[in-house]
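Reviewing the structure listed below.
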Amino acid sequence: MKLLVLALSLFTTVVFAQAPGNVIPMPDKYVKGEGIFVLNSNSTISYNNNQLKTIAYYFQNELLSQKGITIQQQAKGASIALVLKPGTKNADSSAYQLSVKPNQVTISASHPNGVFYGVISLLQMALTAKNNQIEAAEITDAAAYGWRGLMLDESRHFFGKQKVKSILNWMAFYKLNTFHWHLTDEPGWRLEIKKYPNLALIGGIGDFLNPGLPAQFYTQADIKEIVAYAAERYIKVIPEIDMPGHATAANKAYPEYSGGGSAGHPEFTFNPGLEKTYSYLTDILKETNVLFPAGMIHLGGDEVSYGNEKWKSNPDILKLREQKNLKNDIEVEQYFMKRMADSLYNLRAKAIFWDEMVDVGVPREKTIIFWWRHDKPGQLRSALNKGYQTVLCPRLPLYFDFVQDSTHQYGRKWNKLYNPVEQVYQFDARSFSKDAKEQPLILGIQADLWTETVDGDARLDYLLFPRIAALAEAAWTKNNRKDFAAFSNSLKPHLTLYGQAGLYYYNPLKPLQNPELPVKRKKPLNYKD
Ligand code: ACM
């Protein structure tokens, strides 16, 4: 037995020794070379194309702020060369090669995005290396999925520009590329709309735990700053303007567009029975679309039935039903969503919907469906059968407001199920469709962080780290390269980086290191289950 344990531990050492430079997500191919490259203030960096200039700066800034190492740019003969290769038009923009030799590092790609990811891999190797000694290696890498997303709900709790930028920087560190920003919901509206200033000034008052807080929101200047910050990191930002439900904060600001609600969710929906609601919301979408150059807006469409009881008696809605021959509330909802999607298509933007909307009948080439109800696999089936591009974000295991440890008390569970880091890691988007024709419809995966229980930065960190690293590997790394033991080993120096960054992270290897902090409880208004 002892021998077996010894043999196993030797075996694991060997396997772990192959963990490629502590790069997360695990690259496609990693071949260890001979010797080491020492990164220090004598190192220099060059780029062969001006499109790479900001990427070189990014690397310099990160090294300086995290390691205190200053490296200079140099036109030729630099020890770190960023190379944009002439590439074919359709080349995968995430692909890159990273070559580390004792005297020379070269990062090459046919798209600046690939060069950026090569720089990120090098940065991870540098930040996790002992004495700045980076192992020689040849890496060839590219993403498995083009949609590698994270959603943050800032309606229920507002975190502000600095925290959002920090999250975006961590997303970049893990090659995540899509930030879905849930900016409107019941407790607060967080986006300045110039034509309707009260949305932010009145709709921005309060949060999930404290309805009296002074208004918190992003001005349009803030939004531009954050979108530009994200773009420098190859992250696109997609806002969500949730409708027709989850509109309580907007209705507080402009009650004339409210379609009422139910006892549990008063003033929950916009009013689909009034013509003026459509022009009001279209104006809001116009301003929003200009602010977010991704050319996609998430229109929500979730959980309308939670708060549309008043639709049954609202005279405007009853009139609409009669005029348009709409048999029930679902048909009203579909009529409304179709019109709002059309408004968006007219702005040349795509519409994104939660999976309740698969039956609305909107065109598939302009629409993306988010499958979130893990207990309703039929919704995903329908989306794929109808040919919709689809992003997978099922509550289990991709809702990060679920706890990650059985002993944690303040986040969500599904009966007894929750979302430990390993289950996030093992999530396999490929397993949801065996049909080769259907596979390309699965754009990728996303984790959603709802914030009913997230009353501050420490709790946000606690739910996000280290699951963000597992999410990244589930989204980026091809199945045959995934290995949870190797990931766990690479994660160790990453946990050290979290600590150095002052994050209050959960340590799955030492669960008691940072205990779960209590959250003020409130009977949740809209505790999605
Ligand atoms: C959702 O969790 N209501 C999309």
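The values are calculated or read from the model by the stated rules, or taken from the named source; none is laboratory data. As the structure is a computational prediction, the values presented were derived from the model and not from experiment. Here the Cβ positions follow ideal geometry from the backbone for every residue, glycine too, while neighbour counts run over all protein chains shown.
Results for (1) under 28 Å from GLN500 (Cα atoms); (2) at pLDDT 95 or above; (3) under 33 Å from the mean Cα position of the chain (by Cα), shown as yes or no for each residue.
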| residue | (1), (2), (3) |
| --- | --- |
| PRO25 | yes, yes, yes |
| ILE36 | yes, yes, no |
| ASN48 | no, yes, yes |
| PHE59 | yes, yes, yes |
| ALA75 | no, no, no |
| THR88 | no, no, yes |
| TYR96 | no, yes, yes |
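Residues are listed down the side, and each one gets a yes or a no for (1) more than 22 Å from TYR425 (Cβ to Cβ); (2) under 20 Å from the mean Cα position of the chain (by Cα); (3) surrounded by 18 or more Cβ atoms within 10 Å (Cβ to Cβ):
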| residue | (1), (2), (3) |
| --- | --- |
| GLU135 | yes, no, no |
| ALA143 | no, yes, yes |
| THR184 | yes, yes, yes |
| ILE205 | yes, no, yes |
| LEU213 | yes, no, no |
| ALA221 | yes, no, no |
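Within region 426-453, residues that are within 20 Å of PRO25 (Cα to Cα) sit with their Cβ atoms under 6 Å from residues that are of a type in the set (S, T, N, Q), at 6+ positions apart or across chains, in these pairs: ILE442/THR390; LEU443/GLN389. Residues that are closer than 24 Å to SER65 by Cβ and without any contact (Cβ under 8 Å) to a residue 12 or more places away in the chain are absent from region 505-524 altogether. Beta carbons closer than 8 Å, at least 6 apart along the sequence or on distinct chains, pair a first residue in region 91-109 that is β-branched (Val, Ile, Thr) with a second that is assigned to a loop (DSSP other than H, G, I, E, B) for VAL105/SER79.
Which is charged (D, E, K, R), in contact (Cβ under 8 Å) with a residue 12 or more places away in the chain and within 12 Å of the ligand (Cβ to nearest atom), of ARG339, ARG395, ARG364? Spell out how you get there, then give the answer.
Details: ARG339 fails: within 12 Å of the ligand (Cβ to nearest atom); ARG364 fails: within 12 Å of the ligand (Cβ to nearest atom).
Of the residues listed, the single one that is charged (D, E, K, R), in contact (Cβ under 8 Å) with a residue 12 or more places away in the chain and within 12 Å of the ligand (Cβ to nearest atom) is ARG395.
Being touching a residue at least 40 places away in the same chain (Cβ under 8 Å), within 30 Å of ALA469 (Cα to Cα) and assigned to a helix (DSSP H, G or I) narrows it down to one of VAL227, VAL237, so name that one. Step through it out loud before you land on a result.
Numbers: VAL237 fails: assigned to a helix (DSSP H, G or I).
Of the residues listed, the single one that is touching a residue at least 40 places away in the same chain (Cβ under 8 Å), within 30 Å of ALA469 (Cα to Cα) and assigned to a helix (DSSP H, G or I) is VAL227.
Being among the small types (Gly, Ala, Ser) and within 21 Å of LEU344 (Cα to Cα) is the filter; apply it to region 240-254 and report the residue that is nearest to the ligand (Cβ to nearest atom). Lay out the reasoning, then the answer.
Filtering region 240-254 for residues among the small types (Gly, Ala, Ser) gives 245, 247, 249-250, 253.
If we keep only those that are within 21 Å of LEU344 (Cα to Cα) as well, we get 245, 247, 250.
Details: GLY245: 9, ALA247: 13, ALA250: 17 Å.
Ranking the qualifying residues of region 240-254, first place goes to GLY245.
Do you know which of the residues in region 425-457 that are part of a strand (DSSP E or B) and within 16 Å of the ligand (Cβ to nearest atom) is surrounded by the most Cβ atoms within 10 Å (Cβ to Cβ)?
ALA447
Selection of region 135-172 for residues being of a type in the set (Gly, Ala, Ser) and within 22 Å of LEU460 (Cβ to Cβ) yields GLY149, SER155, GLY160, SER166, ALA172. For region 367-378, give me the residue count where each residue is surrounded by 23 or more Cβ atoms within 10 Å (Cβ to Cβ) and in contact (Cβ under 8 Å) with a residue 24 or more places away in the chain. Adding up the residues that qualify gives 3. Looking only at residues in region 287-324 that are part of a strand (DSSP E or B) and closer than 15 Å to HIS246 by Cα, the one that is nearest to the ligand (Cβ to nearest atom) is GLY300.
Results for (1) within 18 Å of ASN271 (Cβ to Cβ); (2) out of contact with any Leu (no Cβ under 6 Å at 6 or more places or on another chain); (3) buried (at least 17 other Cβ atoms within 10 Å of the Cβ); (4) not aromatic (Phe, Trp, Tyr), shown as yes or no for each residue.
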| residue | (1), (2), (3), (4) |
| --- | --- |
| LEU299 | yes, yes, yes, yes |
| ASN308 | yes, yes, yes, yes |
| SER313 | yes, yes, no, yes |
| LYS319 | yes, yes, no, yes |
| GLU322 | yes, yes, no, yes |
| LYS327 | no, yes, no, yes |
| ARG339 | yes, yes, no, yes |
| ARG348 | no, yes, no, yes |
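Kindly check whether there is at least one residue in region 267-279 that is away from the ligand (no atom under 16 Å from the Cβ), in a strand (DSSP E or B) and not charged (D, E, K, R). Looking for residues that are away from the ligand (no atom under 16 Å from the Cβ), in a strand (DSSP E or B) and not charged (D, E, K, R), one finds at least one in region 267-279, hence yes. Within region 459-487, count every residue that is more than 22 Å from ALA143 (Cβ to Cβ) and crowded, with 18+ Cβ neighbours inside 10 Å. Here the count works out to 5.
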